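Structure record follows, encoded as structure tokens.
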Amino acid sequence: MASFRVLADGKIKFSMLVTKPIDPAAPTAAELNAGIDMSCKVLSDNFNFGPTDSDKVSEPALCTTSNAQGLGRSNGQCAFTVWRYFATAGGFDLTDDAAFAALKLKGTTVWFYGRRTDKLATLPWLAADEIYFGAEVLTDTPQVPDGAGLIKYRVPTEVQNSYPFIAVGAGV
């Protein structure tokens with residue numbers, strides 16, 4: 001059986017849940033598909049979502065000549081730029097701008113899940129899909145970028161809990 005590599009372009013699905021899933025370590029396809037699909041609302045250039053280096057624990061024995069490091073608590077990162085959406089009649093489009101509306105207040109807790117496979121980002125979540133990273137995050141105040149291009153905001157967050165390489169749950 002032949003295998004092949006796949007470019008990530010157009011293949012990163014990024015979904016936000018504003019309500020905690022029943023099992024954050026195995027959200028169902030129904031929960032994920034009912035969430036806000038961020039895949040086409042987030043700028044790819046500065047998208048950072050995934051695990052980062054774990055904390056280090058340094059406890060070498062007296063007889064050790066090197067600084068033997070152990071791995072401590074896991075860490076994750078989540079920051080991205082989201083576009084604003086406006087109605088053709090003026091003002092904000094309440095449907096398309098729902099992503100920013102959910103993120104604009106500092107201290108909001110949301111859950112993000114990402115898929116990086118050979119599937120297009122626009123395809124729905126299915127049971128057993130691999131989630132490369134899931135995270136419960138606390139939002140910080142959105143930041144104004146350089147001002148060029150479309151109206152958008154950089155959203156920094158702090159990862160509270162993370163779920164690397166899990167699968168979409170079967171649900172009930």
Notebook entry, point to check: Taking THR108, is it of a type in the set (Val, Ile, Thr) and either in contact with a His (Cβ under 8 Å, 6 or more places away or on another chain) or within 20 Å of ILE12 (Cα to Cα) (or both)?
Noted result: no
Check: Before we move on, is SER44 closer than 27 Å to LEU126 by Cα, hydroxyl-bearing (Ser, Thr, Tyr), exposed (fewer than 10 other Cβ atoms within 10 Å of the Cβ) and out of contact with any Asp or Glu (no Cβ under 6 Å at 6 or more places or on another chain)?
Finding: no
Next item on the list: Return the only residue of PHE80, PHE14, PHE4, PHE49 being at pLDDT below 95 and aromatic (Phe, Trp, Tyr).
Entry: PHE4
Next item on the list: Would you check which residues across the stretch 34-78 are out of contact with any Ser or Thr (no Cβ under 8 Å at 6 or more places or on another chain), touching a residue at least 40 places away in the same chain (Cβ under 8 Å) and under 19 Å from ILE166 (Cα atoms) and list them?
Entry: PHE49, GLY50
Check: Which ones in the stretch 45-59 are more than 12 Å from the chain's Cα centre (by Cα) and in a loop (DSSP other than H, G, I, E, B)?
Finding: ASP45, ASN46, ASP53, SER54, ASP55, GLU59
Next item on the list: Would you confirm whether any residue within the stretch 39-46 is within 30 Å of ILE151 (Cβ to Cβ) and hydroxyl-bearing (Ser, Thr, Tyr)?
Entry: yes
Check: With VAL6, VAL42, VAL82 as the choices, which residue is within 14 Å of the chain's Cα centre (by Cα), more than 18 Å from GLY134 (Cα to Cα) and not aromatic (Phe, Trp, Tyr)?
Finding: VAL82
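Residue-wise test of (1) hydroxyl-bearing (Ser, Thr, Tyr); (2) surrounded by 12 or more Cβ atoms within 10 Å (Cβ to Cβ).
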site: PHE86; (1), (2): no, yes
site: PHE100; (1), (2): no, yes
site: LYS106; (1), (2): no, no
site: THR109; (1), (2): yes, yes
site: LEU123; (1), (2): no, yes
site: GLN143; (1), (2): no, no
Notebook entry, point to check: Given VAL155, VAL159, which one is among the aliphatic types (A, V, I, L, M), in contact with a Phe, Trp or Tyr (Cβ under 7 Å, 6 or more places away or on another chain) and in a strand (DSSP E or B)?
Noted result: VAL155
Next item on the list: Filter the stretch 106-145 for residues that are over 14 Å from ILE36 (Cβ atoms), of a type outside the set (Lys, Arg), under 16 Å from the mean Cα position of the chain (by Cα) and not in a loop (DSSP other than H, G, I, E, B) and give the result.
Entry: THR109, GLU130, ILE131, TYR132, PHE133, GLY134, ALA135, GLU136, LEU138
Check: Can you name every residue in the stretch 24-41 that is surrounded by fewer than 17 Cβ atoms within 10 Å (Cβ to Cβ) and under 18 Å from LEU138 (Cα atoms)?
Finding: ALA25
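The values are calculated or read from the model by the stated rules, or taken from the named source; none is laboratory data. Quantities reported herein were computed from a predicted structural model and do not represent experimental measurements. Cβ sites come from the backbone with ideal geometry, for glycine too, and all protein chains shown count toward neighbours.
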